[in-house]
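Encoded as structure tokens, the structure appears first; notes follow it.
The values are calculated or read from the model by the stated rules, or taken from the named source; none is laboratory data. From a predicted model like this one, the values you see are computed outputs, not experimental measurements. Note: ideal-geometry Cβ built from the backbone for every residue, glycine included; neighbour counts use all protein chains shown.
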Amino acid sequence: MLDKHTLNLFRPFLDKTAQLLRKRGIGADRISIAAFLIGICGAFAIAREHYIAGLVLILCNRIGDGVDGIVARADGATDRGAFLDICLDFIFYSAVIFGFAWADPARNGLPAAFLIFSFVGTGSTFLAYAIMAERRAIANTRLPNKGFYYIGGLAEGTETILFFVLFCLLPASFPVLAWIFAVFCIAATIVRIVYGYRTLV
């Protein structure tokens, strides 16, 4: 819901970072992998209850995720790069939630499991619609520079990161926040299913 506005807000910073990395000969795939590994370190920090360190690493991951796309488009985007990027993104998102479950299984386990369950809904509807959009050559006018068709919803990347920030800043409130965000994700899943079923005729 907020992704387009967020991208426009941070575009100047991301563009400058991308230019610096390109000058050093660092390609998009290398950035994707490095950002992923940083994000996984963030999830591990959270599992060890180092929440602020985890937050810093999560934000670094998201910066890398924004930069790799800019570099890819400048150097020539590839299908394998887009594939790698989206796979690593979904693994990263789930890893962060798993980190909170690991940090306090008794308190966070069930909310974390329910949130990951809701991620399956948002992820599957996102990818399923992207496949159908590719088959039908449906143009993505909302986020035209993405490697996949980005179907909108209540819970997109920006909303996910906002909740991740809240999780790290308020770790004692993780269970409540996780339940709330999971409801948003399930609502987004339902909306996408209805939208896709009605439009893909």
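Structural remarks
- Within region 138-163, tally of residues that are at pLDDT 70 or above and not charged (D, E, K, R): 6
- Test result for PHE174, modelled with pLDDT of 65 or more, surrounded by 15 or more Cβ atoms within 10 Å (Cβ to Cβ) and either of a type outside the set (A, V, I, L, M) or not in a helix (DSSP H, G or I) (or both): yes
- Residue within region 67-84 that is assigned to a loop (DSSP other than H, G, I, E, B) and of a type in the set (Asp, Glu) present: no
- Number of positions in region 66-81 that are modelled with pLDDT under 90 and surrounded by fewer than 18 Cβ atoms within 10 Å (Cβ to Cβ): 7
- Within region 28-58, the set of residues being assigned to a loop (DSSP other than H, G, I, E, B) and either surrounded by fewer than 16 Cβ atoms within 10 Å (Cβ to Cβ) or of a type in the set (A, V, I, L, M) (or both) comprises ARG48, GLU49.
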